[in-house]
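Everything on this sheet refers to the single structure shown next.
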Amino acid sequence: ICMDGKEINQGDEDLEFLLTGGELVKIRSRTWKKNRFYKLQEDCKTLWHESKKTFMRDQTFTIDDIESVRKGRQSEGLKKHTDPNMEELCFSIFFKGRKKNLDLMAASGDEASRWVRALEKIINNMRNLNRQQKREHWIINCMRKADKNADNQMNLKELKHFLRQINVEVDDTYAEEIFKKCDTSNSGSLEGAEIKHFYDLLTHREEIDVIYKQYALAEGQMSARDLLNFLLNEQREEATPEDAYTLIEKYEVDEIAKQKKQMTKDGFLMYLHHDDGSILNPAHKPVYQDMSQPLNHYYISSSHNTYLMEDQVKGPSSTEAYIRALMKSCRCVELDCWDGDSGEPVIYHGYTMTSKVRFKDVIQAIKEYAFKVRQAFHYVRDASTSDYPVILSLENHCSVEQQKLMAHHMISILGDALLTRPLGNTMPTNFPSPEELKGKFIIKGKRLNKLNAIFSNNSIIDEDTVSEEDEAADVKENGQKAKSKKTKMKLAKQLSDIVIYCKSVHFHGFEHARDNQDFYEMSSFKESKAFSLADTSATAFIHHNMDKLSRIYPAGSRTNSSNYNPVPMWNVGCQIVALNFQTPSKEMHLNQGRFLPNGFCGYVLKPEFQRSPSSQFDPGSLIKGPWLKRQTFHVMVISAQQLPKLNKDKAKSIVDPLVRVEIHGVPADNASKETHYIDNNGFNPMWNENFSFNIYVPELALVRFVVEDYDSTSQNDLIGQYCLPLTSVQKGYRHVPLLTKRGDVICSAGLFVHLMLIDAE
């Protein structure tokens with residue numbers, strides 16, 4: 001994307017279409033349907049639309065705010081407020097965070113398709129910019145905003161406004177000094193080359209200069225040999241001369257230098273801002289692990305109360321919540337099913353004021369989005385959500401008649417993708433692999449009989465009673481209607497028959513499970529029970545998870561949909577560690593970090609010592625074993641770039657950033673260290689602080705970087721964060737992208753660090 005809208009639209013019909021704009025119908029209800037004019041502004045980053053409200057004459061939102069654009073009546077609002085024959089005319093813009101989606105209708109199907117195609121194109125272009133381009137794009141946008149009279153010049157007052165826009169506090173004397181240095185024409189304003197000079201002064205990276213000069217020995221530039229030395233000595237890569245040539249060819253911006261097999265400082269900065277210079281190992285971005293192991297050998301990204309958008313007392317239930325979880329590669333979703341008044345089963349949080357959504361609509365949304373191609377997060381790969389299986393975890397409180405409807409809807413809507421019998425023609429003794437189950441839906445729930453009944457001619461009655469536990473027995477913690485843990489419920493044969501590899505059973509102890517449970521019989525543990533077992537019987541819990549699945553869920557007392565720490569559960573090999581995806585939190589950051597590598601596919605292979613029957617691993621003990629690989633992790637926090645302003649309403653509000661580095665893993669590895677804070681500089685703060693961490697079990701360790709705005713009188717505010725497994729960290733000088741609390745990319749912001757992992761003797 002070019003920074004100047006006038007340049008970008010030349011020869012691009014889709015961009016020209018957006019820049020010209022057009023009238024669409026905005027839909028809020030059956031009766032509220034208003035014509036509104038929408039157009040892309042010339043920065044090619046902001047969409048403007050008119051508003052009839054006198055106090056809101058102009059309304060805008062940025063391309064970065066958009067999560068997705070969906071053609072047709074995909075939103076709940078459009079399904080409710082428009083007729084099915086308007087399907088081709090409708091589309092919706094869905095936003096990141098809690099901003100309400102925008103439901104729109106065009107005059108024709110072709111026009112709707114054109115809006116969707118053009119918007120998706122510009123969204124993809126923005127997401128495909130490298131960090132250096134995003135940085136430039138952001139700065140130039142701030143310059144444009146500071147140019148109040150739009151004369152393409154910048155006077156001293158506008159320059160001061162611009163500096164506040166980019167989150168840097170500069171005293172008047174220094175601002176005047178910069179201004180005079182650049183105002184070579186003495187005209188009292190900067191324009192053309194003078195603005196370019198000012199931009200170069202502003203974006204100068206002293207720390208990059210130091211590194212580059214240290215290795216650029218060929219007439220002030222890096223030769224291929226110099227670059228190879230840098231890759232070997234600093235980045236600790238097993239690089240060859242061919243690798244150095246490849247990087248020069250890939251990132252060098254100067255054609256003459258490229259011909260000489262040299263890398264300029266600009267090319268070097270470009271390399272550091274791309275995947276090869278990122279903290280996340282590029283080899284770990286696609287699916288790189290063995291996906292042919294049994295299903296229970298993987299951690300599985302899992303959601304609790306998936307239907308909720310907010311809290312679990314009076315928050316809304318929505319199909320959109322399922323879509324959002326699936327688009328984040330969640331591979332186990334929960335459906336809390338109850339009898340609906342109209343004869344159709346519904347999903348909601350029982351005995352509360354949460355709204356209800358039809359079971360049938362949820363299954364339809366899951367079918368459409370479970371394996372759907374999505375616009376990738378910039379720190380992941382371009383791919384579908386995931387091809388690997390999705391588990392539907394049923395909390396069944398329905399009557400037999402509505403259970404039959406549940407089974408009917410799943411069979412008719414999911415079709416061949418629904419697993420209705422074991423793979424193969426004989427009774428299995430172990431789980432199939434994620435690879436074998438690609439594109440399949442697996443039902444977790446109660447079953448009336450053993451799985452081997454499928455391979456015999458013994459028929460059973462249409463319904464029977466089964467014990468009801470799991471979360472249904474945990475309602476008492478909510479202070480809501482309590483249920484006896486020994487309640488019985490009738491189960492329809494039709495629903496029982498489609499439970500194949502995930503039959504829910506009550507947990508009676510590890511010894512009982514080993515002697516009496518088949519591999520496909522699994523238990524759910526509320527967090528207090530699971531944490532107690534992890535503390536007192538860690539090795540037994542790990543061995544239980546070597547041939548069975550375990551699901552952990554938050555306590556019912558978490559009425560605000562808060563989360564527990566998932567790390568201790570992963571430490572004992574639990575696969576389905578279910579979290580409230582709708583709640584942005586540190587725990588969700590750790591979940592996002594755990595599943596970031598391996599193609600962000602929702603499945604991560606557990607370490608070998610959590611899969612081998614001979615293992616005696618205990619996360620609370622440091623006894624010798626293949627898991628004990630002592631290392632020292634050295635982190636130098638060098639600098640940050642373009643941290644966002646937190647209080648945008650106050651023009652003079654500038655952040656005071658500090659950086660905290662956290663290790664999350666086995667108890668002996670857990671640690672946290674932080675830098676000092678820097679006064680009034682969110683644009684280019686520099687720390688140059690060194691930390692070291694002793695690591696004992698690196699295969700279970702996660703690294704989390706946290707940037708906060710220091711406040712002496714109250715809790716620090718989060719600016720950005722990033723989390724990844726220690727085993728996916730690249731050594732050397734690396735850029736760390738930053739994400740919001742909700743896990744969305746902050747396009748221009750990042751950290752610059754130096755990392756070393758040294759094996760202990």
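The values are calculated or read from the model by the stated rules, or taken from the named source; none is laboratory data. A quick note: this is a predicted structure, and the numbers were derived from the prediction, not measured. Here the Cβ positions follow ideal geometry from the backbone for every residue, glycine too, while neighbour counts run over all protein chains shown. SASA here: full protein model, heavy atoms, side chains in, ligands and nucleic acids out. Shrake-Rupley method; radii C 1.70, N 1.55, O 1.52, S 1.80 Å.
Values for this structure:
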{"item": "Acute angle (nearest 10 degrees) that the helix 359-369 long axis makes with the longest principal axis of the chain, alpha-carbon atoms", "result": "50 degrees"}
{"item": "Radius, Kirkwood style, for region 231-320 when every pair of distinct Cα atoms is counted (Å)", "result": "17.6 Å"}
{"item": "Helix axis angle, 400-414 relative to the chain longest principal axis, alpha carbon, degrees", "result": "50 degrees"}
{"item": "Gyration tensor (alpha-carbon) shape descriptor, region 560-632, a/c threshold 1.5", "result": "prolate"}
{"item": "Computed E for Lys490/Ser653 - FRET, C-beta separation, R0 56 angstrom, nearest 0.05", "result": "0.40"}
{"item": "Estimated inter-spin distance, Lys181 and Glu87, nm [label 7 Å along Cα→Cβ]", "result": "6.3 nm"}
{"item": "Stokes-Einstein D in µm²/s, Kirkwood radius over Cα pairs - region 499-558 at 20 °C with 1.002 mPa s viscosity", "result": "180 µm²/s"}
{"item": "Cα-based shape type of region 295-610, given that a ≥ b ≥ c are square roots of the gyration tensor eigenvalues and the cut on a/c is 1.5", "result": "rounded"}
{"item": "For the chain: rounded, prolate or oblate by the Cα gyration tensor [a/c cutoff 1.5]", "result": "oblate"}
{"item": "Rg followed by Dmax, in Å, when region 397-450 is reduced to its Cα trace", "result": "13.0, 36"}
{"item": "Per-selection Kirkwood Rh - region 224-273 (Cα, Å, 1 d.p.)", "result": "10.6 Å"}
{"item": "Hypothetical label at Ile623: residues of region 524-555 whose amide nitrogen lies under 18 Å (7 Å Cα-Cβ projection)", "result": "534-546"}
{"item": "Heavy-atom SASA rank of Thr420, Thr536 (probe 1.4 Å, accessible area, largest first)", "result": "Thr536, Thr420"}
{"item": "Loop-located GluC sites (Glu not before Pro) in region 218-291 whose Cβ has at most 13 other Cβ within 10 Å (DSSP)", "result": "Glu219, Glu238"}
{"item": "Cα→Cβ-extended label distance, 7 Å offset, between Thr420 and Asp744, nm", "result": "4.1 nm"}
{"item": "Gap separating the Cα centres of region 396-460 and region 614-665, nearest whole Å", "result": "42 Å"}
{"item": "Degrees, to the nearest 10: 241-251 long Cα axis against longest axis of the chain", "result": "80 degrees"}
{"item": "Inter-part distance where region 533-562 and region 236-266 are each reduced to a Cα centre, Å", "result": "50 Å"}
{"item": "Mean accessible surface per residue for the chain, computed with a 1.4 Å probe while every protein chain stays in place, in Å²", "result": "42 Å²"}
{"item": "Using a Förster distance of 51 Å, the FRET efficiency for Met546-Thr60 (Cβ separation, nearest 0.05)", "result": "0.40"}
{"item": "Helical mean residue ellipticity (222 nm; -39500 (n - 2.57) per DSSP H run of 4+; nearest 500) of the chain", "result": "-8000 deg cm²/dmol"}
{"item": "Most to least packed among 686-697, 588-599 [average Cβ atoms within 10 Å]", "result": "588-599, 686-697"}
{"item": "Sulfur and carbon atoms: percent of accessible area, the chain [1.4 Å]", "result": "47 percent"}
{"item": "Semi-axes of the equivalent ellipsoid for region 13-128, Cα gyration tensor, largest first, Å", "result": "21, 17, 14"}
{"item": "Pairwise FRET efficiency - Glu249 versus Thr632, Cβ, R0 = 45 Å, nearest 0.05", "result": "0.80"}
{"item": "Per residue Cα convex hull volume in Å³ - calculated over region 631-759", "result": "111 Å³"}
{"item": "Where Glu708, Glu111, Glu16, Glu206 fall by accessible area, highest first, once all protein chains stay in place (1.4 Å)", "result": "Glu206, Glu16, Glu111, Glu708"}
{"item": "Linear extension gain, Met427 paired with Leu232, 0.36 nm per residue minus alpha-carbon span", "result": "64.9 nm"}
{"item": "Summed side-chain charge close to Val210 - residues other than Val210 whose Cβ falls under 14 Å, Lys, Arg +1, Asp, Glu -1", "result": "-1"}
{"item": "Dipole-positive endmost among Gly593, Ile442, Tyr38 within the chain (Cβ charges, Cα centre)", "result": "Ile442"}
{"item": "Alpha-carbon spread of region 557-690, three principal axes, descending order, Å", "result": "61, 39, 31"}
{"item": "Environment charge at Val666 (Cβ cut-off 11 Å; Lys +1, Arg +1, Asp -1, Glu -1)", "result": "-3"}
{"item": "Gain in span if fully extended, Arg36 to Ala150, counting 0.36 nm per residue against the direct Cα distance", "result": "38.4 nm"}
{"item": "Nitroxide proxy distance, nm - points 7 Å out along Cα→Cβ at Tyr199 and Ser29", "result": "4.9 nm"}
{"item": "Sequence of Ser614, Ser714, Ser301 from largest to smallest accessible area, 1.4 Å probe", "result": "Ser614, Ser714, Ser301"}
